[in-house]
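The values are calculated or read from the model by the stated rules, or taken from the named source; none is laboratory data. Treat the numbers as computed from the prediction; the structure is a model and nothing was measured. Positions of Cβ are generated from backbone atoms using ideal geometry, with glycine treated the same way; all protein chains shown enter the neighbour counts. Ligands, DNA and RNA are excluded from the accessible area calculation, which covers all protein heavy atoms including side chains. Shrake-Rupley method; radii C 1.70, N 1.55, O 1.52, S 1.80 Å.
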Amino acid sequence: MQRDAVVRKAYRRVGIRASRYDGMMTNSSFLGRMALRLFWGLSEANYHKYITQAFRGIPAGFDGKMLEVPVGTGALSLPVYRDLPGADITCLDFSEEMLSKARERAAAMNLFRLKFLAGDVGRLPFADNTFDLVLSINGFHAFPDKPAAFRETRRVLKKNGILTGCVYISGQNAVTDWFVKTFCSYRGYFTPPFDTLDSLQDKLRLLYQEVQVTNIGSFACFTCQR
């Protein structure tokens, strides 16, 4: 089975069982909190640091054009969008099941101005220089064609536009690396190879004029200006 099909099948499962996924992503369920600590090495305090850093690249009061890829179920990003009433936001995902959950969440939050679109980050359906900001929360470690994903997210950014978000990096926590290899990659949720902190910084510096990268355990949070 081609990797794209493996990933699509994996995230179909996640979409169907979205409540379990959201419980971990938002640190709001008992099993989710246990998974964050056991497999991701994130204490309560470090989880909140990770979330803060993951979204820090979005300027306060941002009112430009934004692309989020992938939006997933919207559990992390949609609450942020309530505070950006002037922003023109497009949410894209490879998985129709994940998009369906995100649409439901947006409707429940009265975020009817958001646009949702199914698509592949490796072949974004937008013209060059379309967006002021591209947000990718936990996306690059899942994308099957990472070079294409890095090229495309840069291509659709305007000059001086911002790429920001977070990604899993290897080499920071042995338990996390084992879990990613034996479960996440095996089941299709993540796609190797994975960057280290140093290789991610090097890659982003080749693409962007200003790059800031920090890490909380096995997650790197980045803000880059084209």
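Accessible surface ranking for Phe143, Phe94, Phe112, 1.4 angstrom probe, highest first: Phe112, Phe94, Phe143. Farthest toward the positive end of the dipole of the chain, out of Asn215, Gly165, Phe143, is the Cα of Phe143, where the dipole comes from beta carbon charges about the Cα centre.
Using a probe radius of 1.4 angstrom, the carbon and sulfur fraction of the accessible surface of the chain is 55%.
For the chain, what is the accessible area per residue in Å² when the probe is 1.4 Å? That works out to 47 Å² per residue. Principal axis analysis of the Cα atoms in the chain yields extents of 40, 40, 39 Å, listed in decreasing size.
Label positions at Asp88 and Arg20, each projected 7 Å from the Cα along the C-beta direction, are separated by 4.0 nm. In the calculated pair-distance distribution of the range 118-207, the portion above 23 angstrom amounts to 26 percent of the Cα-Cα pairs. Seen through its C-alpha gyration tensor, with square-root eigenvalues sorted a ≥ b ≥ c, the range 40-89 comes out prolate because a/c lies at 1.5 or above while a/b is bigger than b/c.
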